Amino acid sequence: MDTLDYSGRRCFLKTVGAVGAAVALPNSVDAAPDEIGLHARALKKGMFFGCSVSVPVLRADPRFRAAVLKDCGIVVPENELKWSRVQPAPDRSALNFTFADYIYKFVQQNGLQLRGHTLVWSSGVPAWAQRQMGDMKSATAAAGFLQMHVADVVRAWRGRVVHWDVVNEPVAEDAKSSIWLDKLGEAYIDMAFQVARENDPGALLVLNQNLVEMDDSYQGSLRKKLLLLLERLLKRGVPVDAVGIEAHLSGDLKVAVKEYTSLLREIERMGLKVIVTELDVWDGRMSGSVAERDKAAAQVVKDLLDISFSFKNCLGALAWTLTDLYSWYHETPKKWRQDGEINRPGLLDSNYSRKAMWNAVASAFDAAPVR
Ligand code: G3I
């Protein structure tokens with residue numbers, strides 16, 4: 001694992017580029033596109049804007065690097081700090097931050113900030129760790145195993161990241177799909193946050209949650225579960241500082257304006273911060289022309305961000321893809337469009353031109369109250 005070349009990814013690059021080139025840009029969501037980047041707009045309000053980055057893309061695409069520097073003040077490794085990447089083998093001497101270090105160097109060279117993503121998640125756990133956890137008979141051994149991983153990574157990165165996504169997506173459809181919950185019950189969350197705090201007291205500790213934004217009964221049930229979980233954690237004195245609202249939005253649904261607003265109100269009442277951590281729009285079921293779809297997707301983003309940014313405890317936002325060129329949706333066949341057209345989840349098109357969604361983010365920052 002000494003090489004920085006991990007392949008097999010982003011195979012849509014060429015196709016997407018070709019499609020993007022043929023698409024006329026809509027001029028729909030209101031903010032006048034000018035030269036001020038998104039992070040510069042966010043800064044005026046005491047906030048930040050950034051995006052996810054990955055080593056293969058940073059290495060291969062100078063236009064991507066330039067786009068990041070134009071619009072972002074903070075970045076987050078898309079996969080490079082996940083367990084499977086930092087410890088591919090059981091021996092602790094196998095801890096390997098080569099990929100993440102590449103991103104850290106980019107951050108340092110360009111005066112950016114860095115988020116850490118993610119310490120404990122049901123996904124991204126290497127097979128060897130799943131096996132070891134599965135074989136563990138005592139809760140004490142399982143707890144020690146989890147705590148050691150969190151301590152190893154947080155200690156090694158202390159002072160490098162401003163936030164840690166300590167626990168990712170703890171509220172889920174099938175609770176049993178998490179080996180952590182299975183072996184340790186909810187206490188795994190307490191342990192992860194406590195060990196993270198002990199090993200990097202300066203980092204903002206985030207509980208990062210998906211699927212709590214849209215007007216949909218399943219997401220409604222997750223909103224309720226999330227609030228109940230937060231209440232229990234705070235009552236137990238677990239050092240959670242902030243909630244990450246992932247915001248993988250669905251373009252065919254509406255933002256649950258009333259319910260999402262009251263979710264954020266409750267989070268504010270609990271004294272926690274909020275960060276929009278993984279903004280993008282899935283357009284797999286959207287109909288209409290490209291221009292119509294882009295406009296509707298931008299509206300969903302605007303609706304979500306206007307609510308989020310109206311709360312002064314919301315610190316900023318990051319996109320999970322800055323450009324349509326690279327996205328996890330391209331790697332996930334069940335997320336593809338039935339008509340064979342390429343997903344357009346990003347703020348910039350595949351030629352790095354601003355889409356209506358970029359304007360939506362810009363105007364949401366422009367409308368946000370100063371922190
Ligand atoms: O790098 C290997 C490559 O060597 C191998 O040939 C190939 C074969 O499938 O896999 C490659 O790794 C993939 C990696 O993405 C890089 O492309 C993994 O299989 C794949 O599981 C991984 O998917 C990531 C996913 O999280 C799971 O970790 C996506 O890129 C990433 O965008 C996605 O991000 C998550 C956030 O972390 C949490 N919130 C939801 C979000 C979207 O699912």
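Any read-out appearing in this document is the output of simple, stated calculations on the displayed coordinates, not a laboratory observation. Only a predicted model underlies this, so the values are computations on that prediction, with no experimental measurement involved. With ideal geometry, Cβ positions are generated from the backbone for all residues, glycine too; neighbour counts draw on all protein chains shown.
Between Arg371 and Leu253, what is the spin-label point distance in nm, taking each point 7 Å from the Cα along the Cα→C-beta axis?
With each label point 7 Å from Cα toward Cβ, the separation is 2.7 nm.
Restricting to the chain, what percent of DSSP beta bridges are antiparallel, rounded to 5?
5
Report the local net charge at Gly124: Lys and Arg +1, Asp and Glu -1, summed over other residues whose C-beta lies under 13 Å from its C-beta.
-2
Taking only DSSP H segments of four or more residues, each worth -39500 (n - 2.57), what value at 222 nm results for the chain once the sum is divided by all its residues, to the nearest 500 deg cm²/dmol? Intermediate results must be reported in sequence, preceding the final value.
Working: 14 runs with 161 residues, N = 371.
Value at 222 nm, helices only: -13500 deg cm²/dmol.
Taking a ≥ b ≥ c as the square roots of the Cα gyration tensor eigenvalues, with a/c under 1.5 meaning rounded and otherwise prolate when a/b beats b/c, else oblate, which class fits the chain?
It is prolate, given that a/c is not under 1.5 and a/b is the larger ratio.
What percent does the relative contact order of the chain come to when contacts are Cα pairs within less than 8 Å and at least six residues apart?
About 21 percent, as a whole number.
So how far apart, in nm, are the two label points at Gln108 and Ile36 if each is 7 Å from Cα heading toward Cβ?
3.3
Can you give the local net charge around Ala319? Use residues other than it whose beta-carbon is closer than 10 angstrom to its beta-carbon, Lys and Arg +1, Asp and Glu -1.
Surrounding charge for Ala319 is -3.
Val53's amide H: which non-local residues (gap 5+, or another chain) put their own amide H closer than 5 Å, with H modeled 1.01 Å from N in plane and none for Pro or chain starts?
Val76, Glu78
Indicate, rounded to the nearest 5 percent, the antiparallel portion of the DSSP beta bridges found entirely in segment 156-275.
10
Name the long-range amide H neighbours of Trp282: under 5 Å, sequence gap of 5 or more, or other chain; modelled H, no Pro or chain starts.
Leu249, Ser250, Gly251
For segment 250-302 and segment 337-351, compute the distance between their C-alpha centroids and round to whole Å.
18
For the pair Arg158 and Glu268, what calculated FRET efficiency results from E = 1/(1 + (r/R0)^6), where r is the Cβ-Cβ distance and R0 = 22 Å, to the nearest 0.05?
0.15
Could you work out which residue, out of Asn210, Asn168, Asn110, moves most in a Gaussian network model of the chain, that is, has the largest mean-square fluctuation with Cα springs under 10 Å?
Comparing Asn210, Asn168, Asn110 in a Gaussian network model of the chain, the most mobile one is Asn110.
With only Lys, Arg, Asp and Glu charged, each at its Cβ (+1 for the first two, -1 for the last two), find how big the charge dipole of the chain is about the Cα centre; round to the nearest 20 debye. Write out the running numbers ahead of the final one.
Details: 46 positive and 45 negative charges, 109 e Å.
Magnitude of the dipole: close to 520 debye.
So, R0 is 35 Å and r is the distance between the beta-carbons of Glu198 and Leu69; what FRET efficiency does that work out to, to 0.05?
Working from the Cβ atoms, E equals 0.50.
With a ≥ b ≥ c taken as the square roots of the eigenvalues of the C-alpha gyration tensor of segment 236-333, please select rounded if a/c is under 1.5 and otherwise prolate if a/b is larger than b/c or oblate if it is not? Write out the running numbers ahead of the final one.
Values: a/c = 2.56, a/b = 1.77, b/c = 1.44.
Since a/c reaches 1.5 and a/b is larger than b/c, the shape of segment 236-333 is classed as prolate.
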